[in-house]
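K.L.:
Have a look at this one.
Coordinate-derived values only; no laboratory data. This one's a predicted model, so the numbers in the text were calculated from it and none came from an experiment. Here the Cβ positions follow ideal geometry from the backbone for every residue, glycine too, while neighbour counts run over all protein chains shown.
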Amino acid sequence: MTRVTYREAVRAALRRALADDVRVFLMGEDVGRYGGAYACSHGLLDEFGPARVRDTPLSESTFVGAGIGAALGGMRPIVEVMTVNFSLLALDQIVNNAATLRHMSGGQLGVPLVVRMATGAGRQVAAQHSHSFEGWYAHIPGITVVAPGTVEDAYGMLLAALAEPDPVFIFEHAGLYPMEGDFDEDARPPLHGACVRRAGSDVSVITFGGSLPKALAAADALATEGVSAEVIDLRALRPLDTATVLASIAKTRRAVVVDEAWRSGSFAAEVCARIAEEGFYDLDAPPVRVCGAEVPIPYPKHLEDAALPQLATIVAAVRGIAQRR
Amino acid sequence: MLDASALDRAHALTLWREMLRIRRFEEEAVELYSRGAIRGFLHLSIGEEAVAVGAMQALAPEDAIVSTYREHGHALARGMPAQALMAELYGKANGCSRGRGGSMHFFDVGRRFYGGYAIVGGGLPIAVGLALADVLQDRRRVTACFFGDGAVAEGEFHESMNLAALWRLPVLFLCENNLYAMGTALERHQSQPDIARKAAAYDVPSAAVDGMDVVAVEAAARRAVDAVRADGRPYLLEARTYRFRAHSMYDPELYRTKAEVEQWKRRDPIVTFAAQLATSGVLDAGERARIEAAVGAEVDAAVAFAELGAWEPVEDLTRDVYAAAAGERTR
Amino acid sequence: MIEFTMPILGADMEAGTLIEWRRKPGERISRGEVIAEVETEKGLIEVEVFASGVVEKLLIEPGAKVPVGAVMALIREDAGAPPPNVTALPVAGPVPAVPLASPPAAPCVPASIAVGAPATPAAAASGRVRASPAARRRAADLGVDLAVVLGTGSDGAIGVADVERAAALGGKAAAAPQPAPTAAPQRPATAPPSHADAIRRTIAAAMARSKREIPHYYLATTIDMQRALVWLEARNAARPVTARVLSGALLLKAVALALRDVRELNGVWAGDRFAPSPDVHLGVAIALRGGGLVAPALHHADRLDLDELMRRFRDLVARARTGTLRSSELSQPTVTVTSLGEQGVESVFGVIYPPQVAIVGLGRIVERPWSVDGAVVPRSVVTATLSADHRVSDGHRGARFLATVDRLLQAPEGL
């Protein structure tokens, strides 16, 4: 067990995957000489060579599509799309090809492709680099969508994704890359399935990815006022582990869903809908969402902070529905 | 253009029969569509048969095909059974994609037919990736990617040409230029309507060929495939052709004149090649009748196969959204 | 004879209009030739035939709109033509088609702009009991009638805890045992009970339960208020009217402080034992204008200075009467004080509100002849009473409590 950053954990997983399986290769914008926009692949070009660590032109649609084609051709590509906003340029390949081919071909084709991308706001990079579109992707059947929120998951979920026969999209919150955490290179957390990161009894705080540290900090703050918050890390958005969420609600009877994305049509809305559909009679209060404000994310820090879920807003939302003991 | 009489007789008859198979298959599909047996979109390649048949002669079984939503001809020429294709048009479970794709989405992994892609330009990156997989695994194979002139306006055409050239990937880009992107004429959507010339920008060799002449297409395709195989680099072959029918089944054809259509019909690849073969004594009336009968019987059998096919059980609706091993994942 | 039918010319076509016949009866036509022009939503389309023969009869006049599949003409087929190889057509999918006619629908008026939309929440306006889903299920399980449960959640919503408290208080429906519990509250089919009804029924259940289960004992003492009132008058004289402290607040403070001293009176009976409360949350009984009463908590009354206690008391009374009490105020009193002084009553012996274990009664402050240092003089006095749970405390401790209240009021400057 060592302590590494989330970034180092991603890099360790990439190195491990490239070393263990000759079918694996990495491609994307600036993953080679530059070392990755977030330095996740730093050093891998020297270690594995240009055939397996491939710098691509700025052609998201084509290099994601080429990843699909290479997967069809027997490879295990890892495609890095620099950030989620650039992935919009590859949506056709993702939605119409990666997600459909197995079903539409009557089971003849499979696309064992892993696509990684940075997501999320909070770094003052303004409206075109601060999106959280995980929920959009989670809308699409045929792909798996995960959002590792811990260092161990950043490592383990990438390796687990490579074992999947179908496309897996990994959303790494850019704010998490410098986060340190315990890391065991032999640990193999499952690709999906939610996880109770902190047990509690008064209210369930359900979140994932970049909002997980905020939710845990909020739970700490609430504990000092006698409110016991249970924090659920969804880990995977598709498939969504509804059972773990419902088990928690059955205990706490209250749910606060934290999701950095815009509130309307958000993944938080999906979680709330499932709680309402399947956990209705366990509820003692309406499910509550803490989401991003419905604005293009602005550049100045005070405005960006105001646009995103924060410790204080999570605490306030929990207070609003928690019953003190 | 080669003289048909110089061709191997059997091969010449094969070319004609293959084109006729496509023609009769699609004519039958029109009738079935009119009567409601086939629904949805139905994009016909009637008039363009020489491109599919000629190009396919140059490809080996280990090569891969990536096609479009107008792919009945490609699939038949590749050797996919007409029965499985007709059943797919019906949406039956004995179709080549279990009936799930319909006209636009034929798949046959065994014949390395990687599918019809119905978003214009969407197949090109897939072809680049298939070729990349071959290179990374030291396999000397060609991936042929069909697309129409409309796809040339898509970014994916330019991205894919660039990436395939940059990475030296063995892709045959095969543009079926039928002069219309649905209803928009080539001159109305391209600043430079000479598609073959565009390859120069990517340092990709290219050629244009008369797509109404099956022998010419075959010769051009062989040169192109040989080039791809020899130096492992992409090649753009533009086949200039024409579709005789509407974009999908019927349209009022407001975008072109009847005279234009009639003019192109005089160059019908099946009629003109039959005339050549007759002149050179390869195809006499008896042979022609035998081939017509055999093709007709094949189409009839395909319809019977489709009629007799079962619908996929509704319980299987979510089957193969993910691999079975991945378990229940549709939620 | 072959029937020529209106063909399907596009994925969404349901009918077409015949514009022109291109062949007359008696004329020959071959497979693939155009027999008619049909107008569709996309425009004019030439329609071909799939048979060869002689046109026998035209059944449709130009200008007619014809659904797909309808017979439009008869063609006498050439001899020897192969029979059509498709038999069962048209093939219907597994799901019958739904006609695409737009169903009759009311004009769209968003609720947000609808004239006369109620300003208050619909749930409240409808008179439906506001209970959480979990509370409804728990109530059904326990056979509790939600109409008698006092909600302590936001906007007075009933939560699981409220149901369980009501069940503990015997809040089961007064009627015969309910049939199999359901999620829906069991209530007569007549008009839903008013809020006042609900409160009345809650009080009924709680008081009945109290008298059934709590062995009450009662003590009373009369306290000389002279020093306290004189001190208070002097204190108030220096303040504006709105900042003055009433004698009631002084009494509450004394009671709260005395409860710190006698802990057996402050807390709740938790099923089989007494759970003392470390804090004094003084439930103050407030009569409601519509009838009934509530006893919301003055939190930490023992720790409030007089001005603050007065301010909060005023606020509590006002909000009790406007129905804007907070859930914590309704759920957390550790003891209750009832005062009927305004009504002229000199002494009141209250009924304990379960699960509390004591209720303090305060009467009107009256002038009475009083013996002071051997002389009979008029003095202002008040009768303080205690009703307490004998399972928890004895008269000896109760007497100590009243004595402490008395002692504290003789030194008002310490309050």
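K.L.:
Go ahead and run the numbers for FRET between A:Leu88 and C:Ala204, Cβ-Cβ distance against an R0 of 51 Å, rounding to 0.05.
P.N.:
Details: r = 64 Å, r/R0 = 1.25.
For A:Leu88 and C:Ala204, the calculated efficiency is 0.20.
K.L.:
DSSP loop trypsin sites (Lys or Arg not before Pro) in segment C:214-310 with at most 15 other Cβ atoms within 10 Å of their Cβ, which ones?
P.N.:
Details: sites: C:Arg227, C:Arg235, C:Arg244, C:Lys253, C:Arg260, C:Arg263, C:Arg273, C:Arg289, C:Arg303; in loops: C:Arg244, C:Arg273, C:Arg289.
In loop regions of segment C:214-310 (DSSP not H, G, I, E or B), the sparsely surrounded trypsin sites (Lys or Arg not before Pro) are C:Arg273, C:Arg289.
K.L.:
Along segment C:355-361, what does the Karplus equation 6.51 cos²θ - 1.76 cosθ + 1.60 (θ = phi - 60°) give for ³J(HN,Hα), rounded to whole Hz, x for Gly and Pro?
P.N.:
x, 5, 10, 7, 9, 9, x
K.L.:
Moving to a separate point now. Which of the helices in chain B meet the span-like rule: DSSP H, Cα axial reach of 27 Å or more, Kyte-Doolittle mean at least -1.0? Show your work: numbers first, answer last.
P.N.:
On the way: long enough: B:9-34 (38 Å, -0.50); B:285-308 (34 Å, 0.53).
Going by DSSP H runs, the hits are B:9-34, B:285-308.
K.L.:
What lysines does C:Lys65 reach when the alpha-carbon gap must be under 23 Å and sequence neighbours fewer than 8 apart in one chain are set aside?
P.N.:
C:Lys24, C:Lys42, C:Lys57
K.L.:
5 Å is the cut-off here: which amide hydrogens, built 1.01 Å from N in the peptide plane, fall below it relative to A:Gly193, excluding neighbours closer than 5 in sequence?
P.N.:
A:Ala236, A:Asp241
K.L.:
How would you classify segment A:45-167 from its alpha-carbon gyration tensor, with a ≥ b ≥ c the square roots of the eigenvalues: rounded for a/c under 1.5, else prolate if a/b is greater than b/c, otherwise oblate?
P.N.:
Numbers: a/c = 1.42, a/b = 1.23, b/c = 1.16.
It is rounded, given that a/c, with a ≥ b ≥ c, falls under 1.5.
K.L.:
Another question about this same structure. Sorted from fewest to most neighbouring beta carbons within 10 Å, what does the list B:His11, A:His129, B:His43 look like? Write down the numbers at each step before the final one.
P.N.:
On the way: B:His11 13, A:His129 18, B:His43 22.
Exposure proxy ranking, most exposed first: B:His11, A:His129, B:His43.
K.L.:
Given 10 Å bins starting at zero, what is the percent of C-alpha pairs of chain B in each, up to the one with the largest pair distance?
P.N.:
Whole-percent P(r) values from 0 Å outward: 6, 26, 34, 25, 8, 1, 0.
K.L.:
With just the Cα atoms of segment C:233-376, tell me how far they stretch along each of the three principal axes, in Å, largest first.
P.N.:
Each principal axis gives a Cα extent; for segment C:233-376 these are 51, 38, 30 Å.
K.L.:
Could you work out Rg/(2.2 N^0.38 Å) for segment A:1-104, with Rg from alpha carbons only? Walk me through the numbers on the way to the answer.
P.N.:
Details: Rg = 14.0 Å, N = 104, 2.2 N^0.38 = 12.8 Å.
For segment A:1-104, the normalised Cα radius of gyration is 1.09.
K.L.:
Less than 9 Å Cβ to Cβ from C:Ile29, Lys/Arg counted +1 and Asp/Glu -1: what total charge do the surrounding residues give?
P.N.:
Numbers: positive: C:Arg22, C:Arg23, C:Arg28, C:Arg31; negative: C:Glu27, C:Glu33.
That works out to +2.
K.L.:
Viscosity 0.890 mPa s, temperature 25 °C: what is the translational diffusion coefficient of segment B:111-161 from Stokes-Einstein with a Kirkwood Rh over Cα pairs, rounded to a whole number of µm²/s?
P.N.:
Stokes-Einstein gives a translational diffusion coefficient of 213 µm²/s.
K.L.:
On a 0 to 90 degree scale, rounded to 10, what angle separates helix A:267-279 from the longest Cα axis of chain A?
P.N.:
Tilt relative to chain A: about 60 degrees.
K.L.:
Could you work out the mean count of beta carbons from other protein chains within 10 Å of each residue's beta carbon in A:275-285? Could the numbers behind the result be given before it?
P.N.:
Numbers: counts 0, 1, 0, 0, 2, 6, 9, 5, 8, 14, 7.
For this peptide, the per-residue mean of nearby foreign Cβ atoms is 5.
K.L.:
Please list the non-local residues whose amide H lies under 5 Å from the amide H of C:Arg130, H modeled 1.01 Å from N, same-chain partners needing a gap of 5 or more.
P.N.:
C:Ile158
K.L.:
Just checking the output field for B:22-34: average partner chain Cβ neighbours within 10 Å of each residue's Cβ? Could the numbers behind the result be given before it?
P.N.:
Working: counts 0, 0, 0, 0, 0, 4, 3, 0, 4, 11, 7, 5, 13.
Average per residue, whole number: 4.
K.L.:
Along its principal axes, what span do the Cα atoms of segment C:318-415 show, with the longest given first and each in whole Å?
P.N.:
51, 35, 27
K.L.:
Take the alpha carbon gyration tensor of chain A, find the square roots of its eigenvalues, order them as a ≥ b ≥ c, and report rounded if a/c is under 1.5; if not, report prolate when a/b exceeds b/c, else oblate. Intermediate results must be reported in sequence, preceding the final value.
P.N.:
Details: a/c = 1.79, a/b = 1.63, b/c = 1.10.
Prolate.
K.L.:
Oh, and also: Please work out the C-alpha center-to-center distance from segment C:310-383 to segment B:196-263 and express it in whole Å.
P.N.:
Value for the Cα centre distance between the two parts: 98 Å.
K.L.:
Here's something else I'd like to know. Return the distance in nm (one decimal) between the two label points of a simple spin-label model at A:Tyr299 and B:Arg223, each offset 7 Å from Cα along Cα→Cβ.
P.N.:
5.5
K.L.:
Now for a different question. Using the per-residue mean of other Cβ atoms lying within 10 Å as a proxy for protection, in what order, highest first, do the peptides A:160-166, C:50-56 fall?
P.N.:
Working: A:160-166: 20.9, C:50-56: 17.9.
Top to bottom by mean Cβ count within 10 Å: A:160-166, C:50-56.
K.L.:
Determine ³J(HN,Hα), in whole Hz, for all residues of segment C:396-403 in sequence, where each value follows from phi through the Karplus function 6.51 cos²θ - 1.76 cosθ + 1.60 and θ = phi - 60°; x replaces Gly and Pro.
P.N.:
4, 6, x, 5, 5, 4, 5, 5
K.L.:
Starting from 0 in steps of 20 Å, tell me what percent of the Cα-Cα pairs of the protein assembly as shown lands in each bin.
P.N.:
11, 28, 25, 18, 11, 5, 1, 0
K.L.:
Something else about it: Using a Förster distance of 25 Å, how high is the FRET efficiency between B:Leu308 and B:Ala10, based on the Cβ-Cβ distance and rounded to 0.05? It would help to have the intermediate numbers written out before the result.
P.N.:
Values: r = 33 Å, r/R0 = 1.32.
Here the calculated transfer efficiency is 0.15.
K.L.:
If amide H atoms are built 1.01 Å from N in the plane of the peptide, which residues on other chains or at least 5 residues away come under 5 Å of the amide H of C:Ala275?
P.N.:
Residues meeting the amide H criterion: C:Val268, C:Trp269, C:Ala270.
K.L.:
Further question on the same structure: To make sure I understand, if each residue's beta carbon is the centre and we count other beta carbons within 10 Å, what order do C:Arg312, B:Arg197 fall in, fewest to most?
P.N.:
Working: C:Arg312 17, B:Arg197 13.
Lowest to highest Cβ neighbour count: B:Arg197, C:Arg312.
K.L.:
Then there is this: Could you tell me the calculated FRET efficiency between B:Ala259 and C:Ile19, based on Cβ-Cβ distance and R0 = 35 angstrom, to the nearest 0.05? Working shown, then result.
P.N.:
Details: r = 21 Å, r/R0 = 0.60.
The calculated FRET efficiency here is 0.95.
K.L.:
Within chain B, what is the longest stretch that has no GluC sites (Glu not before Pro) placed in a DSSP loop and near at most 13 other beta-carbon atoms within 10 Å? Please list the in-between numbers first.
P.N.:
Working: sites that count: B:Glu62, B:Glu328.
Longest site-free region, per DSSP loop and neighbour criteria: B:63-327.
K.L.:
Tilt of helix A:311-321 relative to the longest C-alpha principal axis of chain A, in degrees (0 to 90, nearest 10)?
P.N.:
Once rounded, one gets 50 degrees.
K.L.:
Quick one: length gained pulling C:Val376 to C:Arg314 fully straight, 0.36 nm per residue minus the C-alpha distance? Could you put the intermediate results ahead of the total?
P.N.:
Working: separation 62, 0.36 × 62 = 22.32 nm, distance 3.66 nm.
Residue separation times 0.36 nm, minus the Cα-Cα distance, leaves 18.7 nm.
K.L.:
If you average the C-alpha positions of segment B:63-90 and of segment A:5-36 separately, how far apart do those two centres end up, in angstrom?
P.N.:
Here the answer is 39 Å between Cα centres.
K.L.:
Here is a further query. Using the Kirkwood radius built from alpha carbon pairs, what does the Stokes-Einstein equation give as D for segment C:334-374 at 10 °C and 1.306 mPa s, in µm² per second? Walk me through the numbers before you get to the answer.
P.N.:
Working: Rh = 11.8 Å.
For the chosen part, D equals 135 µm²/s.
K.L.:
Compute the separation of the alpha-carbon centres of segment C:14-35 and segment C:245-297 and state it in Å as a whole number.
P.N.:
If we compute the Cα centre of each part, the gap is 96 Å.
K.L.:
Now a separate question. State, to one decimal in nm, how far the label point of A:Glu277 lies from the label point of C:Phe349, with both points 7 Å from Cα in the Cβ direction.
P.N.:
6.2
K.L.:
Moving on. Using label points projected 7 Å from each Cα along Cα→Cβ, tell me how many nm separate C:Glu367 and C:Ala243, to one decimal.
P.N.:
So the two model labels end up 3.0 nm from each other.
K.L.:
Could you put B:Asp300, B:Asp63, C:Asp315 in order, starting from the residue whose Cβ has the fewest other Cβ atoms within 10 Å?
P.N.:
Least crowded to most crowded, the residues run C:Asp315, B:Asp300, B:Asp63.
K.L.:
On to the next question. What average count of beta carbons from other chains do you get within 10 Å of the Cβ of residues in B:36-44?
P.N.:
Partner-chain Cβ atoms within 10 Å, mean over residues of B:36-44: 3.
K.L.:
If you fit an axis through the alpha-carbon atoms of helix A:60-72 and take the longest principal axis of the Cα set of chain A, what angle between them do you get, 0 to 90°, nearest 10?
P.N.:
That helix lies at roughly 70 degrees to the long axis.
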